[in-house]
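The values are calculated or read from the model by the stated rules, or taken from the named source; none is laboratory data. Quantities reported herein were computed from a predicted structural model and do not represent experimental measurements. Counting neighbours? That spans all protein chains shown, and the Cβs are built from the backbone with ideal geometry, glycine included.
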Amino acid sequence: MKIKRRAALKGLMAGMAAPLVLRHAALGADPITVVGIHDASGGLDIYGKPMIACLDFAVDEANAAGGLLGRPIQLINYDPQSNIQLYTQFATQAATKDHAAVVHGGITSASREAIRPILDRYRTLYFYNTQYEGGVCDRNTFCTGSTPAQNVQKLMPYIMPKWGKKVYIVAADYNYGQITSKWITKYARDGGGSVLAVDFFPLDVTDFGPAIQKIQQAKPDIVISALVGGAHVSFYRQWAAAGMKSRIPMASTTFGGGNETLILSPEEANGIVCAYSYFQEIDTPANHAFLEKFHAKMGPNAPYLGAELAMRTYVGFNLWAEGVRKAGSIDRMKVIEALETGIVNHGPAGTTSIDPKTNHVTLDVYLAEAQNRGFKVLQSFPDQPPLDTQMVCDLQKHPNENKQYVVDVKM
Amino acid sequence: MALDIVFAVGFQVLSGVATLLITSLGLAIIFGMMRVINLAHGEFLMLGAYAAILSARAGLNIWIAMLVVAPLAVGGIGLIIERLIIRQLYGRMVDTMLATWGLSLALIGAVTMIFGNTVAGFSAPLGSFAIGSFTASAYALFLIVAAVILLGGVWAILRFTPAGLIARGTMQNAEMASALGVSPDRVYAVTFAAGSAVSGLAGALIAPFSGVVPTMGAAFIAKSFITVITGGAAMLAGTFSASGLLGTVATLGTFATTPVFGEVMMLAVAIVLLRLLPQGITGRFFRRAL
Amino acid sequence: MTALLATEHLTMRFGGVVAVDDVSLAVADGELRCLIGPNGAGKSTLFKCLTGQIKPSAGRILWRGQDITGLNSFEIARLGVGIKTQVPSLFDGLTVLESVRLALRRQARERVARVQALATLERLGIVELAQHLVVLLAHGQRQLVELAMVVAPEPDLIILDEPTAGMSAEETTRAARVIRALNAAHTIIVVEHDMQFIRAIAKTVTVLHQGRVLIEDDVASVLADRRVQDVYLGKTDVSWQVVA
Amino acid sequence: MNGIRLPIELTAASVVTIAAILILPHVLELFALINATVYVSMAVLALSLALVWGFGGILCFGQATFFGLGGYAYAVAAINFGDTVYAVPVAIAVPALVAAALGYVMFYGRISDVYIGAITLTLTLILFNFVNSTSGDQWRIGAAPLGGFNGIPSTPPLNMPGDPGNPLPPEWIFAVAMLSLLICYIIAKLILRARFGRVIVAIRENERRAELLGYDVRAYKLGIFVIGGAMAGLSGLLFANCVFVSPTMFSLFYSGQIIVWVMVGGLSTLVGPVIGAILLNLLTTWAGTLPEINPSLILGAILALAVLVMPRGILPSLATVLGRFRGARGMT
C-alpha cells in the first residue's frame, strides 16, 4: 500500500495539494483521521522507517477488525525528512487541515518539543511513542516509550560491577543527549562510579577521530553512547577501526533503536549493551505471534524492528484505540479521560499500562547485548513505572500543567 | 605531557589537514585554472563516494572501486557538465556559481530519487595501529599519505609534463596561450574533467569516515570553498597553506573544546585572514608558486 | 605663490621595484602641465598616487600647501579634482543625463542639477544624447560623456590619463583643441606619452624616466634635449646620465 | 514620466496588499493562510537581497545570517519582555547592527566580489554551528534558553499592543506580514528614487567612477547593506511568528534559496524577487506533493536553466518578450 512519502516540503497551499493516497478500509462510515509524522528520509530514517511500518500495520489490523466505533481509520503519513521545521508544518497541517483525531509521531525530543506546543494550541491529541529523557508533563501528550528511570536505571547496575566505575559519555547535542547524560551521571554516581567527561556532537558530525583520541586519553572503564541518527553511526565504525573495541567496553541508550545492528558489521557492533522496553528477539509467545503476522503482512519488505521505537509505535496506537473504545468517542477530552483510567495493553512487548499521574506508561524493560546483527536478551524487568517523571509531575492534581521538567544533576 | 599524547594529537591534526586538503583540491584546480567556482563540488564528492560504494557492492575490489572507478566516473561527468554548463558561462564568475549551485541541488535531488535519502557506508578497509598507549585508525594514516601523493602528483604534472606547461601558460594568460595555438576550450575541458576526477577520488577516500548520503556534499562544500578562497590564486600552494592552517586550527580547537567550536574557530580564522589578506594567502605570499 | 598641486619626494615601491622615485613637482593654478615618459617610466603609478588609488611609500602630496597624502580617491575628488581615466570609466546602465547629474554631487536640488547637467552637455555638443543609455554609445561619444562628468562640477584641477589613447590623428587634433579650451577655466595635468600631442598643447612638460624626473622645462627645450631623444628613440638605459 | 509612475506603482502595491488582507483569510483554510504568511515573510527576505545584491551589487551569500538573527532576536526578546511588541525593534536592530559591523569590516577593508561572498557565507556557517551547539543549560539569554538544535519551539507570537496576554490570531499575523511587505517595498522604492539609491546603482555600474566623482563608495555600500540586514531581520521576525526559530534559519540552504529567488525573479527589479520567492515556494510545495520527484531536483534545474537561458530573470525576460522593456534601465 502506498503512502505519501514526501508529503510536502513546505506544506500545502489549499487547492494545490495532489489528491492524497489514503488508506482506509472499505467501510461506508465517515473515517477517523490518524496522522503519523515520522522521518522516512534523512539522517533519522533509520528509526522512522520501522516506526511507519508498525503504525501502518497497527492501522491495517484495526481496520481489518472493523475499525473503531464502526468507522474506518484513515492514516495519513507525513515525512518531515529529518527537518524540524517540517515537523511544525505537518503538525499544523494535521491539526488545522486534516482535523486529526490523534497525531502519532516525533522521533527526536527536538521534534517532539517542536510539535507539542502546536498540537496543544490547536487541541489535538498527541502520542509520542519513543524512549526519551523523561519529564514531559502535559495532559494532551501521552509518552508511551521508556524513560531513564526505566532503562538507564537497569543499564548502569548491570555494566558497572562488570566493567568498572569510570564512565565516559558521548551524546547527541540536543535536549535528549543533554538530559540523558545527566541521568547517566546520576545513576553512575548512585552505583559508586564517576563520569570522567561528556562530549556532545551535533547530529551531522561524522568525524569522531579527535573524540576517540580524547577518550583514549581519559582512559575510562566504560563508554556510554547516547548518539542519535545515521551520521553518528560512523562513531561505532571509527571506534572499531581505531582498535578500541577490544580495549574499552561500550553501552548505549540509543544503539539499536534503528537498524544499527544491520548496517554495522558484527565485529563493529557485537557486545554493546542496551536496555529498552522491547527487542525483536524477546522470546515470548505474544512476540512470536506478532512477528509472524507482521512478516506475513509485510513480506520480504518487513523491516527489522530492532529495539523499542517501532514496537512502542504499535503499542501506542493500540493504547489510543483502546482509549477511543472506552470513551465511545474520538472527542479529545473524552479520550484523554478514558486513557487516564489506566488503560492496559498486553502485546508483543509485554504489559503496558498508562500511568494517570504522568500520562507516561508502566512497562517491561529488557537488557540485551548486540550479537550477530541482532540482540541477545540477557534479563527482563517486568512492570517498571516511570519513576523519574512521577517525581515531578502530577497531572491529577495539576491538570493544566504543560512543561517539561529537567533533572538537575551537577555535572 | 607524555610523548605519545603529543604524537596522537599530532596525528589527528595531520589527519584533519589531509581531509581538508583532499576535499578541497578538486575545487582549487578548477578555481586556480579557470577562475570558476564550482559550487557543485560537494556533489562531485558525493558522486565519487556513490561510484565507489556501488562498484564495491557489485563485487569490485574496494581499492579499485575507490582509486580507479570513482575518479573516472566523476571525471566523465565533469566533462559533460563542462560542455553543457560551464562553457556557456565562461568569464561570468557569479553566473557560473549560481548555475553550479543549481546543478548541486539537482544532483542531490536526482541521487535522492535513485538511492533514497539514507545513509549508506562501508568500513575503513584497514585495521588500526598503536602510537604508544594510543591506537588510531590505519585508514587515517592512509588518508595522510594519499593527500601527500595527490598534492605531489598534481604538482609534478604541472611542473614536468607538456600538458602541465600548457596548463600553466593558460593560467597565466589565456589569450597568449591561444595565440600560440593552444585551444583554451580544450584546456578548460580537460582542466574541469581533471578537477572533477580529483573531487571524485576525494569523495571515495572520505566515504568510509563520513558515510554516504546524497546530502553529504553540503558538509564539505563550504569548508572547501573557504579553504580555496583563503588560499588565494596559487592553487597548490594556496590549498596546501590554507588547509594546513585551517585544518590545524579546527583539530586543535576540537581537542581544546568541542567539535563545533573547533569548526567555529576555523571559520573565524578564515574571516580574519580574508580581512587581512583580501587576495588570500598566496595573493600576498608565495605569489610565484603553483 | 603656493602651487595648486605639488609633490615632495614622492616615492612608491612595490617589493624591490621602485616605480616612482623621489619625484618633486609643482603645478601652479591655471597651468597646463604634461607628464610624459615612455612605457614603464612610472607615469601610471604617479597618476595612481595623485588620484588616491594607491598610497605612496614615502613623500608628500600637497593641495594648496595642505598635506593630502594618503587621502582616498573620493576625498581627493571632493577637493575639486576631476579625473578622466584612460579607458572611459562610465555608468553603462544609466543615461547620459543621469550620469552627469551624478557628477554634480554637491547640488542637492534636482531641478538645478538638471539644468546644470544639460548646460554641460550643451557645452560639449552632446545634449542630444541626454536620454541615451551610456552602454549604447560609440567610442568617441563615450569619451565626451566622461569628459562631461569630469567638468560638470567645475573642478579646480583636471587630471587626464592618456586622453589620446586609441585615437586617430584627426581625433587627436580635436582633443588637443578641447583641452586647450578647458585650460581657460581649469588647471590641467595631462599624463601622456604621445610627443606630437604634447607639442600641440603643452607649455610646461615634466619628463619621467625610470621613476625619476628626467627634465622639467618648456616644450621646446624638452623636445630639444638629447636625453629625452635618447629615451624616446629607444636607448633605454640612460640612468647613469641621470645620476651624473 | 518617472514622476507619474511612482505613485501609480505604490498605489497598485497598496491595493493588492489590502485586497489580500481582506480577501485571503476568508478564502483560504487556516493552514493555507499560515503557509501564505510564511511565503510573505520569504518575499520580504527576497526584497532585502534584491536591494543588497540586485541594486547594490554586493554578492551576499549569507543573507540568512540576518534572517536568523532577526528571528532569534525576536524570540529571545519576546520571551524576556513578555509583551512581544517590544521585541519588534530588537528583531530589526540586532541584524542591522551586525550588518553594520560586518559591512564596516568588509567595505572599509576594501574586500570585494567573491571574497565578500566567502566572508558572508562563513559568518552564516559560524552562526549555524554556534547556535546548533547551544542546547546546554548554560546557553540562555535572560529567561530564554537558546535550545541548540531544537531552536526555540515556544516562540511567542505577536500580541495586541499593550496586551501581552492576547496573542494575535493567524489572520492578523498574515495582515502584519502583508503590511510589512508593503512597507518594505515602499521603502525600497523611495530609497531607489532618492539620491542615495541613484548613487547605489551608479556604484554597482562602476564603483571606480563613482569614487572619482567624489562619492564615498564604502559608506554607500555599508548603508544599503545595513538596510538589507534590517529588512532580513524583519523577515526573520515574521517567519518566527508562523513557524519558530531554529538553527536551520542560518543554513546554507536558506542563504542559497534567497539568491535563487532574486536571480529567477530578476536582478535589479523589486517586484521580480517578491514574485520569485512566492512562485518558487509554491513550486517547491507543489513538487513536494509529487511522490516520485525530488523538489531539490526541480529547484536546482530551474536555477541552472534560469542562469543559462534568461540570466536577467523572469520579470525582465518576460518584459523583453512583451516588447515593453525600454532597455536595461537601472532604476526599475
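Before moving on, here are some points about what is shown:
Residues checked against (1) aromatic (F, W, Y); (2) away from chain D (no Cβ under 14 Å); (3) over 20 Å from the mean Cα position of the chain (by Cα); (4) surrounded by fewer than 24 Cβ atoms within 10 Å (Cβ to Cβ):
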position	(1), (2), (3), (4)
A:G67	no, yes, yes, yes
A:S82	no, no, no, no
A:Y87	yes, no, no, no
A:H99	no, no, yes, yes
A:G105	no, yes, no, no
A:P117	no, no, no, yes
A:E133	no, no, no, no
A:D138	no, no, no, yes
A:S146	no, yes, no, no
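- If the condition is being at pLDDT 85 or above and part of a helix (DSSP H, G or I), then the range D:105-116 contributes D:V105, D:M106, D:F107, D:I116.
- Condition met for D:V131 (in a helix (DSSP H, G or I) and crowded, with 24+ Cβ neighbours inside 10 Å): yes
- Unique match (being within 19 Å of A:V377 (Cβ to Cβ), crowded, with 21+ Cβ neighbours inside 10 Å and not aromatic (F, W, Y)) among A:G323, A:G306: A:G306
- At least 2 residues being over 30 Å from A:D408 (Cα atoms) and at pLDDT below 90 is the threshold, and among the helices (runs of 4 or more DSSP H) wholly inside the range A:36-143 those reaching it are A:45-64, A:84-96.
- When each of B:S128, B:S137 is tested for being under 30 Å from B:V17 (Cβ atoms), within 7 Å of another protein chain (Cβ to nearest Cβ), in contact with a strand residue (DSSP E or B) (Cβ under 9 Å, 6 or more places away or on another chain) and free of Cβ contacts under 8 Å to residues at least 12 places away in the same chain, the lone residue that passes is B:S128.
Condition check ((1) closer than 20 Å to A:L378 by Cβ; (2) small (G, A, S)) across all residues:
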{"position": "A:S234", "(1), (2)": "no, yes"}
{"position": "A:W239", "(1), (2)": "no, no"}
{"position": "A:S246", "(1), (2)": "no, yes"}
{"position": "A:E260", "(1), (2)": "yes, no"}
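- With respect to the stated conditions, B:G91 fails to be surrounded by 23 or more Cβ atoms within 10 Å (Cβ to Cβ) and either facing chain D (nearest Cβ under 8 Å) or closer than 26 Å to D:S255 by Cβ (or both).
- Total residues in the range D:122-163, condition more than 21 Å from B:V264 (Cβ to Cβ) and in contact with a Phe, Trp or Tyr (Cβ under 7 Å, 6 or more places away or on another chain): 2
- Residues that are in contact with a Ser or Thr (Cβ under 6 Å, 6 or more places away or on another chain) and either farther than 15 Å from C:T51 by Cβ or part of a helix (DSSP H, G or I) (or both) within the range C:77-99 comprise just one, C:F91.
- Checking A:A286 against (1) surrounded by 20 or more Cβ atoms within 10 Å (Cβ to Cβ); (2) out of contact with any Leu (no Cβ under 8 Å at 6 or more places or on another chain); (3) modelled with pLDDT of 90 or more, the condition it does not meet: (1)
- Residue in the range B:74-82 that is crowded, with 24+ Cβ neighbours inside 10 Å and either aliphatic (A, V, I, L, M) or away from chain D (no Cβ under 14 Å) (or both) present: yes
- Residue that is surrounded by the most Cβ atoms within 10 Å (Cβ to Cβ) [pool: residues in the range D:176-200 that are in a helix (DSSP H, G or I) and small (G, A, S)]: D:A177
- Filter pass, C:G37 being at pLDDT below 90, more than 16 Å from the chain's Cα centre (by Cα) and more than 12 Å from every other protein chain (Cβ to nearest Cβ): no
- Residue selected from the range D:106-129 under the condition within 7 Å of chain B (Cβ to nearest Cβ) and polar (S, T, N, Q), by the criterion farthest from D:L222 (Cα to Cα): D:N129
- Within the range C:56-72, residues that are touching a residue at least 24 places away in the same chain (Cβ under 8 Å) and part of a loop (DSSP other than H, G, I, E, B) sit with their Cβ atoms under 6 Å from residues that are surrounded by 14 or more Cβ atoms within 10 Å (Cβ to Cβ) and not aromatic (F, W, Y), at 6+ positions apart or across chains, in these pairs: C:P56/C:L10; C:P56/C:M12; C:P56/C:C49; C:S57/C:T11; C:S57/C:M12; C:S57/C:R13.
- From C:S44, C:S73, residue being of a type in the set (S, T, Y) and touching a Leu at 6+ places or on another chain (Cβ under 9 Å): C:S73
- Filter result for the condition that a residue is more than 16 Å from the chain's Cα centre (by Cα), closer than 28 Å to C:S44 by Cα and among the basic types (K, R), over C:R105, C:R111, C:R101: C:R105
- D:F244 vs. criteria at the interface with another protein chain (Cβ under 9 Å from one of its Cβ atoms) and buried (at least 24 other Cβ atoms within 10 Å of the Cβ): yes
- The one condition in (1) among the aliphatic types (A, V, I, L, M); (2) in a helix (DSSP H, G or I); (3) modelled with pLDDT under 90 that B:A124 fails to fulfil: (2)
- From C:S89, C:S99, residue being in contact with a Phe, Trp or Tyr (Cβ under 6 Å, 6 or more places away or on another chain), within 14 Å of chain D (Cβ to nearest Cβ) and surrounded by 17 or more Cβ atoms within 10 Å (Cβ to Cβ): C:S99
- Across the range B:203-236, the number of residues qualifying as within 13 Å of B:I53 (Cα to Cα) and either modelled with pLDDT of 85 or more or outside any helix (DSSP H, G or I) (or both) comes to 9.
- In the range A:249-259, the residue that is farthest from the other protein chains (Cβ to nearest Cβ) out of those that are at pLDDT 85 or above and touching a Ser or Thr at 6+ places or on another chain (Cβ under 9 Å) is A:A251.
- Qualifying residue in the range B:225-237 (condition: within 11 Å of another protein chain (Cβ to nearest Cβ), aliphatic (A, V, I, L, M), touching a helix residue (DSSP H, G or I) at 6+ places or on another chain (Cβ under 7 Å) and surrounded by fewer than 22 Cβ atoms within 10 Å (Cβ to Cβ)): no
- Scanning the range C:100-115 for residues that are among the aliphatic types (A, V, I, L, M) and assigned to a loop (DSSP other than H, G, I, E, B), we see that the one that is nearest to C:V191 (Cα to Cα) is C:L104.
- Of residues in the range A:217-248 being touching a Lys or Arg at 6+ places or on another chain (Cβ under 8 Å) and part of a loop (DSSP other than H, G, I, E, B), the one farthest from the other protein chains (Cβ to nearest Cβ): A:D221
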